1. Would you confirm, using the coordinates I've provided, whether ALA155 is of a type in the set (A, V, I, L, M, F, W, C) and either more than 30 Å from SER320 (Cα to Cα) or buried (at least 23 other Cβ atoms within 10 Å of the Cβ) (or both)?
2. Looking at the structure I just gave you, is MET102 in contact with a helix residue (DSSP H, G or I) (Cβ under 8 Å, 6 or more places away or on another chain), surrounded by fewer than 21 Cβ atoms within 10 Å (Cβ to Cβ) and of a type in the set (A, V, I, L, M, F, W, C)?
3. Of (1) of a type in the set (Val, Ile, Thr); (2) closer than 27 Å to GLY221 by Cα; (3) modelled with pLDDT of 95 or more, VAL347 satisfies all except one. Which?
4. List the pairs whose first member sits in segment 299-321 and is within 22 Å of LEU215 (Cα to Cα), whose second member is part of a loop (DSSP other than H, G, I, E, B) and not aromatic (Phe, Trp, Tyr), and whose Cβ atoms are under 6 Å apart, counting only residues at least 6 apart or on separate chains?
5. Quick one: in segment 1-20, of everything that is closer than 19 Å to HIS264 by Cβ and touching a Pro at 6+ places or on another chain (Cβ under 8 Å), which residue is surrounded by the fewest Cβ atoms within 10 Å (Cβ to Cβ)?
6. All but one of (1) within 29 Å of ASP178 (Cα to Cα); (2) outside any strand (DSSP E or B); (3) not assigned by TED's automatic domain parsing to the domain that holds LYS227 hold for GLY301; which doesn't?
7. How many residues does segment 209-225 contain that are more than 9 Å from the chain's Cα centre (by Cα) and not acidic (Asp, Glu)?
8. Report yes if LEU235 is of a type in the set (A, V, I, L, M), out of contact with any Ser or Thr (no Cβ under 9 Å at 6 or more places or on another chain) and either assigned by TED's automatic domain parsing to the domain that holds PHE90 or at pLDDT below 95 (or both), otherwise no.
Amino acid sequence: MKPSTELIDGHYDPKHARNAVKMPLYLSSNYVFSSAEEAKKLFEQKGVQPADQDHAAPQDMIYSRLGHPNLLLAEARLAAYEGTESALFFESGMAAISTLFMGVLSPGDTVLHSTPLYGGSDHLLRGMMHAWGIRLMEFSPAEPIEQIRSRMLAAEITPSIRLIYIETPANPNLQIVDFKQVTELSHQIQQLTGIKPITACDNTVLGPVFQKPVLHGIDVGVYSASKFIGGHSDLIAGALVCSREWANKLRGVRSQLGSTASPHTSWLLTRSMETLELRMEAAQRNAVQLVDFLKNHPQVGQLYYPGLLPPDHPHHHQASGSGSLMSFELKGGRSAAFQFLDALRLVRHAVSLGGTESMACHSATTTHSNVPAGIRQLYGISEGLIRLSVGIEHVDDLRADLAQALVHAASATD
């Protein structure tokens with residue numbers, strides 16, 4: 001089956017659920033064993049996906065924190081769509097990221113990461129992970145690989161690098177990290193130290209429809225599934241996509257942390273993924289038209305959108321589209337930004353993205369407010385920056401709402 005068909009019909013046989021067209025919601029915390037020997041066997045293999053077994057196939061359950069039918073179906077469909085061996089769903093995007101960090105890192109290790117990162121990820125690294133003895137080294141997406149390598153060697157941290165963590169396109173200024181450069185850097189570190197750091201990419205903004213990092217050599221794809229995968233602003237979830245080997249390791253960490261996606265969350269994710277392509281493609285069509293409207297608007301100083309990058313930019317080689325998230329600088333700084341947001345009537349003033357509804361926010365005082373002001377400035381997250389997630393409303397209505405809000409923003413500039 002084609003990937004889009006897998007999201008609707010894959011990995012589920014109605015015969016296993018009294019011929020229900022859709023998998024029912026399994027609201028059970030635990031499951032009965034057929035024998036003591038079976039219980040022993042299941043506990044011996046818990047958390048492990050056998051190499052010869054489809055991880056959505058009917059199998060015995062133990063306890064819903066470890067796995068349940070709704071979870072297995074959602075994970076199987078995401079993995080099939082991504083083209084990866086495995087997928088793991090969590091109760092939030094930060095739970096997925098935390099599980100990755102705790103499953104990969106030990107005190108004394110170093111994380112090499114791109115900038116900027118989502119505010120929650122940045123705060124987790126600079127706060128909790130740093131306090132637990134994890135060292136950090138950051139790099140700009142525009143920094144040449146030779147320069148990154150030179151800085152690593154000068155800092156004498158190369159042997160301790162265990163994770164290269166990137167976000168592309170980055171939130172909120174849509175900076176692009178080149179997958180090829182990241183995988184090359186990982187191999188160079190392996191040649192120098194004998195240990196290959198794991199590579200991971202937060203793919204929330206474009207994936208899984210327009211970008212699939214694992215198919216470009218990245219080890220783990222990371223998602224806030226609350227965004228496009230969930231797509232209706234009615235759930236909180238996260239996901240990791242990776243090889244079976246890494247999934248087996250990280251599944252055990254997830255079980256210990258207790259962050260496994262619940263039956264209801266998994267059921268909602270399965271529902272949402274059926275329309276994933278339709279929603280993301282429709283939102284992208286709207287975004288392209290709004291980019292055309294905004295790029296020459298006198299109140300907009302700078303517009304950030306991957307589709308505006310030159311044809312030879314790495315983005316166009318590693319992604320099949322540019323998505324529906326954009327950011328733009330308003331002339332007049334914070335005052336103009338606040339006036340703009342307060343004047344919106346159709347576009348919601350909210351901090352999420354990827355829903356059917358359009359949403360806008362002021363990143364410096366919301367999603368990245370925990371990032372120190374000096375670092376925000378260094379990353380280009382200015383006081384006039386607006387992040388806009390374009391939904392699937394009629395584009396004429398969205399354009400009209402932005403136009404009238406920009407009139408109010410202009411009054412702040414004047």
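1. In short, yes.
2. yes
3. All conditions are met except number (2).
4. So the pair list comes out as PRO306/PRO169; PRO306/LEU174; PRO306/SER322; GLY307/SER322; PRO314/ASP178; HIS315/ILE176; HIS315/LEU309; ALA319/LEU206.
5. ALA20
6. (2)
7. Adding up the residues that qualify gives 11.
8. no
The values are calculated or read from the model by the stated rules, or taken from the named source; none is laboratory data. This is a predicted model, so every value here is computed, not measured. Cβ sites come from the backbone with ideal geometry, for glycine too, and all protein chains shown count toward neighbours.
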